[in-house]
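First the structure, in the form of C-alpha cells, and then the observations on it.
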Amino acid sequence: MTEGTVTEESEFDIDLVTELFEKSLFGDNDVSLPLYIDAYRQINKFFSLLNKGFSFVEKDLLEKEKILHELHVADPAHYDTVNSMVSWECRLGAPFEKGSRTLLRLHRALLFIVDFLKNLKDSREEDQISMLCQASYDGTLSKYHSWIVRKLVGVAAHLLASRDCMLNAIISGRSSRHEYEVMQAITRFISIAEQVFYRLQKIYEDKNILNLP
C-alpha cells in the first residue's frame, strides 16, 4: 500500500481532496486508511473557511483523524486499509472502542458534505446557502446528534456566507476560474467521494457495524 501524503497547504483545494479520495480507492472494494485521513485533512480546511460557527466541527474531525493516524502508525499491518482495520477489530471484538467506531463518524459526515455540495451545485444565485446546508444536515447527520449539537449546527448554518463566497472558498479564491469550471470540480468530487462512501458502507454492512453507538 502507498502511504498517505502529508498535505500542508493552508487553503482548501477541492481538486486535491478529490485526488486524495481517488487515490484512496484500493483494489475493487477497499479504501486506503492513511489516504482517506489525508483527504479529510483537506475537508477540515473547507469547514474552517465556512465561518467560526463550524470550528467545533473542525475540532471534532481533527481529533478523529488523529486517533486513526495514531492507530495506523502503531500498527500499519492492520490499519492500512478500511477493510483490514474493520476485520481486525471485529476479530478482536473491539470495534466499539477503536478505529471502526471513529471512522464511522467521518463516514457519516462525508455523506453530509456530499449532499451539501450537491445542493450547492444545483443551486441558483438567489438561493440561501444556510437553508441548503440545513436541509443536507437534517437529511444526513442530525439523527446521530444530540439536541444541543443540532442547535449549534443550526446557528452555524444560519451564519453561512453567500453563494458566491462559498464558491470562492471552494476554489481558494481563484476567481479566474469560471463558475462552470467550479461546478465541474464539485461534480468530480461528488463522483469520487460517493465511490469512497459506498465502499465503506459495504464494508460496515458486511460486518453489521453500521450502527455502532
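Values quoted throughout were computed directly from the atomic coordinates according to the rules given, and no laboratory measurement underlies them. The shown structure was predicted, so the numbers you read here are calculated from the model rather than taken from an experiment. For neighbour counting, all protein chains shown are included, and Cβ atoms are generated from backbone atoms with ideal geometry for every residue, glycine included.
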**OP:** Determine whether D60 is within 13 Å of L106 (Cβ to Cβ), touching a Ser or Thr at 6+ places or on another chain (Cβ under 7 Å) and in a helix (DSSP H, G or I).
**Re:** no
**OP:** Scan the stretch 71-81 residue by residue and report those that are of a type in the set (G, A, S) and either closer than 15 Å to R101 by Cα or in a helix (DSSP H, G or I) (or both).
**Re:** A74
Subject >> Test set (1) under 19 Å from the mean Cα position of the chain (by Cα); (2) part of a helix (DSSP H, G or I) - Y180 fails condition number >> reply: (1)
Subject >> Residue that is under 22 Å from E22 (Cα atoms) and of a type in the set (A, V, I, L, M, F, W, C), where the choices are A135, A161, A193 >> reply: A193
Subject >> Every residue from the stretch 120-145 that is within 25 Å of E65 (Cβ to Cβ), part of a helix (DSSP H, G or I) and either hydroxyl-bearing (S, T, Y) or in contact with a Ser or Thr (Cβ under 7 Å, 6 or more places away or on another chain) (or both) >> reply: S136, Y137, S142, Y144
Subject >> Residues being part of a helix (DSSP H, G or I), aromatic (F, W, Y) and free of Cβ contacts under 8 Å to residues at least 60 places away in the same chain - total across the stretch 13-56 >> reply: 1
**OP:** Could you check how many residues of the stretch 41-70 are of a type in the set (A, V, I, L, M), touching a Leu at 6+ places or on another chain (Cβ under 8 Å) and either closer than 12 Å to L103 by Cα or surrounded by fewer than 16 Cβ atoms within 10 Å (Cβ to Cβ) (or both)?
**Re:** 2
Original post:
Could you give every pair whose Cβ atoms fall below 9 Å, whose first residue belongs to the stretch 127-138 and is within 12 Å of A161 (Cα to Cα), and whose second residue is basic (K, R) and part of a loop (DSSP other than H, G, I, E, B), counting only separations of at least 6 or pairs across chains?
Top reply: none
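Does I37 satisfy the criteria of being in contact with an Asp or Glu (Cβ under 8 Å, 6 or more places away or on another chain), buried (at least 21 other Cβ atoms within 10 Å of the Cβ), under 30 Å from Y180 (Cα atoms) and of a type in the set (A, V, I, L, M)?
It is true that I37 is in contact with an Asp or Glu (Cβ under 8 Å, 6 or more places away or on another chain), buried (at least 21 other Cβ atoms within 10 Å of the Cβ), under 30 Å from Y180 (Cα atoms) and of a type in the set (A, V, I, L, M).
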Original post:
Within the stretch 150-171, how many residues are among the β-branched types (V, I, T), crowded, with 16+ Cβ neighbours inside 10 Å and either part of a helix (DSSP H, G or I) or touching a Pro at 6+ places or on another chain (Cβ under 8 Å) (or both)?
Top reply: 2
